[in-house]
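A short worksheet on the structure shown next.
The numbers here are math on the coordinates, done by the rules we state, and not lab data. Source: prediction; values computed, not measured. A quick note on method: Cβ atoms are made from the backbone with ideal geometry, for glycine too, and the neighbour counts reach across all protein chains shown.
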Amino acid sequence: MRPNDRTGLAIVLSLVALTLFDAMGLVIKHLSVTYSAAELSAWRNLFGIIPAVVALVLSRQWHTDGRRLRIRQWKLALLRGAIVTFAQLFFYFSLGVMAFATASTITYANALFMTALAVPLLGEKVGWVRWGAVLIGFVGVLLVMQPGSDTFSPVALLPLGAAAFYALVGVTARMMDDDVPSPLINLYSTVTSLVGAFLLALSFGGFTPIQSGTDLAWIVAMGGFGGTAVLFLVISYRMTEQSNLAPFSYFGIPLAFLLGWLFFGETPWDALFPGALLIAAGGLLIIWRERQRSRISEVRQDVAGN
């Protein structure tokens, strides 16, 4: 357990962050009628820089280290930002063409991808329990996507691709030096994905003029929601162990269904269930196994220390 562990407050902040992420998704879906996914990604990162800078300024570790901006693994940090660019592009595009809850739910497969990617990238050994959890989760993904059915659309591969990219971002974060503050890593990713999204938007035909002051307000809110959500997650991860927060991340699945129904009148029951339950079950099983392994490791360390 970390010093000054405040798990209760950390859980609340993480749930607020999930709500803000879903609010960002709602705005993206609303604006996608007029603006492309690449444009929305660019605007989201532009206005999301402000919370990213705030997070860095509030980082005690960054001040202790002399407020350095250059890091040894800057190439890896920039690569992570480039990956975020494509993750956002895929996810934002899917929000515009799919039911909100369906697109959001498929992206929860990122926990499954993280487990699989940890083997070649981090050299982790994954046992039969976690591989079984990955299999359960992917069966859930297939049930949601419904390949081979009349209702299947290739666009369902977009949120799945986004999940894979987001998982790659998560795994590569564990490859960064431990002494680099998380907010600084996040700032690198935000700035790089901003540049990447602007280049993509220009290559896809340029930027659509902002149609109204209302649209501008929504765009600013979109960046604020996303950037503040990341800020809250960073703060919550510093209050307690990540394993204490991970189970609550699946709160986003019913929340996305509720918000999609309230704002867009979408009720994709047939598409989501029981697949969404299997995705959550697979992810929770992975989390449970990780906590078990962590406790066993702690016990062994205590025994060795005595």
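Sparsely packed loop sites in the stretch 170-206 (the chymotrypsin sites (Phe, Trp or Tyr not before Pro) outside DSSP H, G, I, E and B with at most 13 other Cβ atoms within 10 Å) comprise Phe204. In this simple spin-label approximation, Val53 and Val129 carry label points 7 Å from Cα along the Cα→Cβ vector, and these lie 4.6 nm apart. Fewest neighbouring Cβ atoms within 10 Å first, the residues Arg289, Arg80 line up as Arg289, Arg80.
The alpha carbon gyration tensor of the stretch 1-156 gives principal lengths a ≥ b ≥ c with a/c of 1.5 or higher and a/b no greater than b/c, which makes the shape oblate. Computed from point charges on the beta carbon alone (+1 for Lys and Arg, -1 for Asp and Glu), the dipole magnitude for the chain about its Cα centre is near 840 Debye.
Prolate is the label for the stretch 66-113, because the ratio a/c of its alpha-carbon gyration tensor axes (a ≥ b ≥ c) is 1.5 or higher and a/b is greater than b/c.
Checking every one of the trypsin sites (Lys or Arg not before Pro) in the stretch 108-178 against DSSP loop status and a limit of 13 other Cβ atoms within 10 Å picks out Lys125, Arg174.
Once you sort the root eigenvalues of the Cα gyration tensor of the chain as a ≥ b ≥ c, which label holds: rounded (a/c under 1.5), prolate (a/b larger than b/c) or oblate (the other case)? Oblate, since a/c reaches 1.5 and b/c is not below a/b.
Please state the Cα pair-distance histogram of the stretch 162-210 with 5 angstrom bins from zero: what percent is in each bin? So the P(r) values, bin by bin, are 5, 16, 18, 22, 16, 11, 7, 4, 1.
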